[in-house]
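Student: What follows is a structure written as structure tokens; I'll ask about it next.
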Amino acid sequence: MTTVADIDPALLPSDDDVRGYEEHGWYLSRKLLTDAEVDALATASEGFYAGARSRRLGKRPPTLAYWEPSHGTVQRHNDYVHYESDAIAAILRKQIIGAVAARLARAAEIRLFQSTLIYKPPRPEEPTNLVPWHFDRHYWQTCTSDRMLTAFIPFHDCGEEMGTITMVDGSHVWTEFGGDDNTTRHFAHRDAAELEQLVHDNAKHNGAEVRKVPMVIPKGHMSFHHCRTYHGSGANRSGSPRRAISLHLQDGDNRYRVRSLSDGTPVTYNHDHLVRRTPAGTPDYSDPEFCPVLWRS
């Protein structure tokens, strides 16, 4: 395991950066990946779309996002790419990513939680290219941690024209208003207008404004955001596809917990169908096959 002494301190968030993350709910990194590493991600993703796999999931959980060519020219999402592609995983597991996340989350250990390969085609009229406001913690209700975070890793310079990820500044500290059972459902299966209204209702409830901050991310850099930060993205109006990976990260204290909907139906996450079990029989979110350690100080 790499130690702090092995990491270039110039690449880590400063104390001011960490305070800024805690205030705003997002952070733009320094250049953490070389151009060659980013190009390797792009090449591996093309191989993935063509059918190349190092291994395949043993089963398809019910809410798995998994684009296949038969789905057409929609926005593509493929979960568990770090499990199915060794070439992609080798770069996602670069320890500087975990070290940056550990600084931001003030955690001694960072484990990978999930990864999604994303391809947004240059089709501004395509409805699936619009990602409505949401925050990731809603989907992770079976997790005990409120320090989880996500790195958004584009394979190129990524700005507003490409429909970059956009944060609602400071929304991670809001007290939630209007949440119900629907919050566990993925944004792709909810009404975008309803989610737009929800973020404005939450801002009003907290005496705040909806201040949208598009992440302008140079190649090799990435954005990080808190698990309760509202975010979304617009249409890709450029002439090129927007390629990226959404890398979800958990601190070492995160564990599974039982959660239920209002009618008593258990809440489940895709991991619950795949990971090993603890001695108590619950899903183990530290299963190294699916949730490897990226950083331990």
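The values are calculated or read from the model by the stated rules, or taken from the named source; none is laboratory data. Quick caveat: nothing in here was measured; it's all calculated off a predicted structure. Please note: Cβ atoms are built from the backbone with ideal geometry, for glycine as well, and neighbour counts cover all protein chains shown.
Student: Among (1) at positive phi; (2) outside any loop (DSSP other than H, G, I, E, B), there is one condition Gly264 misses while meeting the rest; what is its number?
Tutor: Condition (2) is where Gly264 drops out.
Student: Same structure, new question: Right, Tyr80: touching a residue at least 12 places away in the same chain (Cβ under 8 Å), among the hydroxyl-bearing types (Ser, Thr, Tyr), touching a Ser or Thr at 6+ places or on another chain (Cβ under 9 Å) and closer than 26 Å to Arg123 by Cα or not?
Tutor: The answer is yes for Tyr80.
Student: Being at pLDDT 95 or above and either surrounded by 14 or more Cβ atoms within 10 Å (Cβ to Cβ) or within 28 Å of Glu161 (Cβ to Cβ) (or both) is the requirement here; does Gly51 meet it?
Tutor: Criteria not met by Gly51.
Student: Condition first: at pLDDT 95 or above, buried (at least 20 other Cβ atoms within 10 Å of the Cβ) and touching a Gly at 6+ places or on another chain (Cβ under 9 Å). Now tell me which residues in the stretch 110-129 satisfy that.
Tutor: Answer for the stretch 110-129, where residues must be at pLDDT 95 or above, buried (at least 20 other Cβ atoms within 10 Å of the Cβ) and touching a Gly at 6+ places or on another chain (Cβ under 9 Å): Ile110, Arg111, Leu112, Lys120.
Student: Could I ask something else about it? Being in a loop (DSSP other than H, G, I, E, B) and touching an Asp or Glu at 6+ places or on another chain (Cβ under 8 Å) narrows it down to one residue among Thr73, Thr63, Thr116; which is it?
Tutor: Matching residue, one of Thr73, Thr63, Thr116: Thr73.
Student: Among the residues of the stretch 90-133, write down those that are of a type in the set (Gly, Ala, Ser) and over 15 Å from the mean Cα position of the chain (by Cα).
Tutor: Of everything in the stretch 90-133, those that are of a type in the set (Gly, Ala, Ser) and over 15 Å from the mean Cα position of the chain (by Cα) turn out to be Ala90, Ala99, Ala102, Ala107, Ala108.
Student: Another question about this same structure. Name the residue that is surrounded by the fewest Cβ atoms within 10 Å (Cβ to Cβ), counting only residues in the stretch 33-48 that are aliphatic (A, V, I, L, M) and more than 17 Å from the chain's Cα centre (by Cα).
Tutor: Going through the qualifying residues, I end up with Ala36.
Student: Within the stretch 287-297, can you find the residues that are surrounded by fewer than 19 Cβ atoms within 10 Å (Cβ to Cβ), farther than 30 Å from Asp157 by Cβ and in contact (Cβ under 8 Å) with a residue 40 or more places away in the chain?
Tutor: Glu289, Val293, Arg296, Ser297
Student: What number goes with the only condition from (1) in a strand (DSSP E or B); (2) closer than 24 Å to Glu37 by Cα that Ser238 does not pass?
Tutor: Of everything listed in (1) in a strand (DSSP E or B); (2) closer than 24 Å to Glu37 by Cα, Ser238 misses just condition (1).
Student: If I go through the stretch 19-57 residue by residue, how many of them are in contact with a helix residue (DSSP H, G or I) (Cβ under 6 Å, 6 or more places away or on another chain), more than 24 Å from Tyr83 (Cβ to Cβ) and outside any loop (DSSP other than H, G, I, E, B)?
Tutor: Qualifying residue count, the stretch 19-57: 2.
Student: Among the candidates Arg60, Arg56, Arg30, which residue alone is loosely packed, with under 15 Cβ neighbours inside 10 Å, farther than 21 Å from Asp253 by Cβ and modelled with pLDDT of 95 or more?
Tutor: Answer to the check: Arg56.
Student: Another one. Mind counting the residues in the stretch 242-261 that are assigned to a loop (DSSP other than H, G, I, E, B), out of contact with any helix residue (DSSP H, G or I) (no Cβ under 8 Å at 6 or more places or on another chain) and either among the hydroxyl-bearing types (Ser, Thr, Tyr) or surrounded by fewer than 19 Cβ atoms within 10 Å (Cβ to Cβ) (or both)?
Tutor: Selection size over the stretch 242-261: 5.
Student: For the stretch 205-221, name all the residues that are without any contact (Cβ under 8 Å) to a residue 40 or more places away in the chain and either under 19 Å from Ala42 (Cβ atoms) or not in a loop (DSSP other than H, G, I, E, B) (or both).
Tutor: Selection gives His205 alone.
Student: Looking for something at pLDDT below 95, among the polar types (S, T, N, Q), farther than 21 Å from Asp287 by Cβ and in contact with a Phe, Trp or Tyr (Cβ under 9 Å, 6 or more places away or on another chain) - is there at least one such residue anywhere in the stretch 2-21?
Tutor: Scanning the stretch 2-21 turns up at least one residue that is at pLDDT below 95, among the polar types (S, T, N, Q), farther than 21 Å from Asp287 by Cβ and in contact with a Phe, Trp or Tyr (Cβ under 9 Å, 6 or more places away or on another chain).
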